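The structure appears right after this line, and notes come after that.
The values are calculated or read from the model by the stated rules, or taken from the named source; none is laboratory data. Note that the structure is a prediction, hence the values are computed from the model and not measured. All Cβ positions, glycine included, derive from the backbone under ideal geometry; neighbour counts span all protein chains shown.
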Amino acid sequence: MQFNYSFKKTHNIDCCIDHPVAVVANYASDGRFIPAYIRFVCEDGSEQTIKVTAIKYIKDKLDRTVFCCAVVCSDQRMEVMLTYYIDNHIWVIEC
């Protein structure tokens with residue numbers, strides 16, 4: 001299955017926030033998963049999808065999995081921390 005996402009650089013996205021976001025993840029048959037895309041809701045209500053370019057490291061904790069991800073946001077490379085809360089099935093982004 002191929003995902004076609006367009007990256008519009010006209011919106012200014014605040015990546016340094018701490019709240020739930022939508023994530024497209026890749027899953028393996030043994031249950032492992034990694035985030036592939038992050039979807040933000042901009043101030044004007046439009047949605048912006050950003051590709052995760054690399055995973056620096058993964059930390060498994062008792063109730064969550066933390067991913068240190070490299071992304072390109074508004075023409076700037078940055079690292080974001082994506083946390084997946086296993087019990088609640090929620091992705092949260094932190095910078």
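Inside region 44-66, can you point out the residues that are without any contact (Cβ under 8 Å) to a residue 12 or more places away in the chain and either farther than 14 Å from Val23 by Cβ or part of a loop (DSSP other than H, G, I, E, B) (or both)? Full working, then the answer.
In the first step, residues of region 44-66 are kept if they are without any contact (Cβ under 8 Å) to a residue 12 or more places away in the chain; the result is 45, 47, 57, 59-62.
Gly45, Tyr57, Lys59, Asp60, Lys61, Leu62, listed by residue number.
Return a yes/no flag: does region 50-65 have any residue that is over 12 Å from the mean Cα position of the chain (by Cα), modelled with pLDDT under 90 and surrounded by 11 or more Cβ atoms within 10 Å (Cβ to Cβ).
No, there is no match, as no residue in region 50-65 is over 12 Å from the mean Cα position of the chain (by Cα), modelled with pLDDT under 90 and surrounded by 11 or more Cβ atoms within 10 Å (Cβ to Cβ).
Any residue at all in region 10-22 that is assigned to a strand (DSSP E or B) and modelled with pLDDT of 90 or more?
yes
Restricting attention to region 37-46, does a residue exist that is modelled with pLDDT of 90 or more and either surrounded by 15 or more Cβ atoms within 10 Å (Cβ to Cβ) or of a type in the set (A, V, I, L, M) (or both)?
Yes: one or more hits.
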